[in-house]
1. I'm told residue 113 meets every condition in (1) out of contact with any Phe, Trp or Tyr (no Cβ under 7 Å at 6 or more places or on another chain); (2) acidic (Asp, Glu); (3) crowded, with 17+ Cβ neighbours inside 10 Å; (4) more than 14 Å from residue 130 (Cβ to Cβ) except one. Can you identify the failing condition by its number?
2. Would you pick out the residues in the range 72-86 that are without any contact (Cβ under 8 Å) to a residue 12 or more places away in the chain and part of a loop (DSSP other than H, G, I, E, B)?
3. Quick one: which strands (runs of 3 or more DSSP E) lie wholly within the range 1-68 and hold at least 2 residues that are in contact with a Ser or Thr (Cβ under 8 Å, 6 or more places away or on another chain), under 24 Å from residue 83 (Cβ atoms) and of a type in the set (A, V, I, L, M)?
4. Pick out the one residue from 65, 77 that is under 22 Å from residue 118 (Cα atoms) and surrounded by fewer than 17 Cβ atoms within 10 Å (Cβ to Cβ).
5. Answer yes or no: is there a residue in the range 12-25 that is surrounded by 13 or more Cβ atoms within 10 Å (Cβ to Cβ), under 24 Å from residue 120 (Cα atoms), of a type outside the set (D, E, K, R) and touching a residue at least 40 places away in the same chain (Cβ under 8 Å).
Amino acid sequence: MNVNKVDHICIAVKNLEDARKIWEPVLGKTKPDDAYIDESEKINVARYWVGEVGFELMESTSPEGEVAKFIDKRGEGVMLISFNVDNTRDAMVELEEKGYPLIGGARPFRDCEFAFVHPKEMNGVLLEIIDYKWKELQDS
């Protein structure tokens, strides 16, 4: 598996607007570089570019969402680290062959796919692999 870069780091937050007020002055930003709601993942996201790495603040849109569950269990904080790969499905096969347990299958995002490696095999860190090309970064 070829890891191209750290794609993004996600911080689970209870309240996105409150978190933005904390983080934007530190990041030197007045608004997210990319903001979106992902209904299927039950998240409201504010993404900021720090160099070529995305820094995301994620708020759950549902008490049953994974972000809400994470906060209930661990509190607010770093929820996942994402690696950009050439092809998510190829990386999944390679990881499974090496014994890494995946959580579910490939999931869609914009014009790509992503998947998760279970944190029990990654020193407690939820690892995401994603093959998105981030045209938004080139436009900013």
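1. With (1) out of contact with any Phe, Trp or Tyr (no Cβ under 7 Å at 6 or more places or on another chain); (2) acidic (Asp, Glu); (3) crowded, with 17+ Cβ neighbours inside 10 Å; (4) more than 14 Å from residue 130 (Cβ to Cβ) applied to residue 113, the lone miss is (4).
2. Answer for the range 72-86, where residues must be without any contact (Cβ under 8 Å) to a residue 12 or more places away in the chain and part of a loop (DSSP other than H, G, I, E, B): just 75.
3. Once the strands (runs of 3 or more DSSP E) in the range 1-68 are filtered for at least 2 residues that are in contact with a Ser or Thr (Cβ under 8 Å, 6 or more places away or on another chain), under 24 Å from residue 83 (Cβ atoms) and of a type in the set (A, V, I, L, M), what remains is 3-13.
4. Only one candidate qualifies: 77.
5. yes
Taken together, the values in this text are just the output of simple stated rules run on the coordinates, not laboratory data. No experiment lies behind these values; they were computed from the predicted model shown. Glycine also receives a Cβ, built like all others from the backbone with ideal geometry; neighbour counts cover every protein chain displayed.
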